[in-house]
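Here the structure comes first, spelled out in structure tokens, and everything after it is commentary.
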Amino acid sequence: MPRYSKTLIILHWAMAVLILAAWLTSEGGRQVRLNPPALHFSLGLSVLLLVLPRLVARWWGSHPRIEDPQGPWLNLAAKIGHAVLYLFMIGLPLTGWYAASRMGVQVSFFGLSLPSIAAAAQGDPGPIAEIHETGGTVILVLAGLHSVIAFWHQFVLRDGTMQRMNPV
Ligand code: HEM
Ligand code: HEM
């Protein structure tokens, strides 16, 4: 069974953990302006930092082809699904950074202060912040669906798909 490169496998699982951790440390009803969730920012920004080398390793390094015995439409669906996950890995941290900047909250990455990417405004932080809040949960639902499909391949179709991402 052809596998993803070690780099891609490590990045895949590291990012799965980071996304879950970012979700778990998201604001959850607390006042972001009064008590900025610094850990949430750092975990989310780690996703943004790692998606770049991941995309480079994906497109310029070796990776197994998606060869699904069920035909071209499912292969296309898998490719689109993976592309959507990549879009979220880029878009979510950026919209979060924008939302924090609109709220006038200092964004830091494990103690390192980062610049704002939008002018601070009083009151409602606007639609990008809302997109971020909703998107933060949507990525979790999509990743959940993605893992169910992976388990389906592994245990129902028994085509060894999971082996391609196996870190050991
Ligand atoms: C994979 C990365 C991320 C995920 C999964 C994620 C997820 C979430 C979720 C689910 C919420 C809503 C929490 C609630 O309604 O109680 C939220 C809120 C927020 N996140 Fe993130 N986030 C990520 C990255 C970031 C980053 C990198 C930043 C800033 C640098 C950030 C800043 C914020 C801010 C400011 C809010 C509050 C928005 C508001 O109250 O309108 N997030 N995030
Ligand atoms: C328990 C959770 C997860 C499992 C079991 C899982 C399993 C897998 C497997 C087996 C593959 C290889 C698919 C193939 O080659 O046809 C894969 C690829 C992928 N996974 Fe996951 N995954 C999980 C979580 C996540 C999360 C949280 C994300 C990001 C939001 C993610 C994003 C991706 C992407 C983008 C690919 C395509 C890799 C590429 O071709 O570049 N996965 N996953």
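We did not get these values from a lab; they are worked out from the coordinates using the rules stated. Remember, predicted model here, so these are calculated numbers, not experimental data. Ideal geometry is used to build each Cβ from the backbone, glycine not excepted, and the neighbour counts take in all protein chains shown.
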With θ set to phi - 60°, apply the Karplus curve 6.51 cos²θ - 1.76 cosθ + 1.60 along region 32-47 and write out the HN-Hα couplings as whole Hz, x wherever there is a Gly or Pro.
4, 5, 7, 9, x, x, 4, 5, 4, 4, 5, 5, x, 5, 4, 4
Starting from 0.36 nm per residue, how many nanometres of slack lie between T7 and H82 once their C-alpha separation is accounted for?
25.3 nm
To the nearest 500 deg cm²/dmol, what mean residue ellipticity at 222 nm is calculated for the chain from DSSP H runs of n ≥ 4 alone, each contributing -39,500 (n - 2.57), summed and divided by the residues?
-21000 deg cm²/dmol
Using only the C-alpha atoms of the chain, find the volume of their convex hull and express it per residue in Å³.
126
What length, rounded to one decimal in nm, is gained on full extension from F110 through to I90, with 0.36 nm per residue of separation minus their alpha-carbon distance?
5.3 nm
For a quick check: with amide H placed at 1.01 Å from N, whose amide H comes under 5 Å from L114's, ignoring anything fewer than 5 positions away on the same chain?
V107, S108, F109
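Return D124, D159 ranked ascending by Cβ neighbour count within 10 Å, so the fewest neighbours appear first.
Sorted ascending by nearby Cβ count, the order is D124, D159.
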Can you give me the angle between helix 6-24 and the longest principal axis of the chain, using Cα atoms only, in degrees from 0 to 90, rounded to the nearest 10?
40
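Test of understanding: what is the full-extension gain from D124 to V156, defined as 0.36 nm times their sequence separation minus their Cα-Cα distance?
6.8 nm
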Counting Lys and Arg as +1 and Asp and Glu as -1, each charge on the Cβ, what is the dipole of region 6-165 about the Cα centre in debye, to the nearest 20?
360
Hey, got a sec? Which chymotrypsin sites (Phe, Trp or Tyr not before Pro) in region 92-121 land in a DSSP loop and have at most 12 other Cβ atoms within 10 Å?
F110
Using a 7 Å offset from Cα along Cα-Cβ at L49, what residues in region 93-113 end up with backbone N under 12 Å from the label point?
108-113
Once you put a point 7 Å from the Cα of W59 and another 7 Å from the Cα of A14, both along the Cβ direction, what distance in nm separates them?
2.0
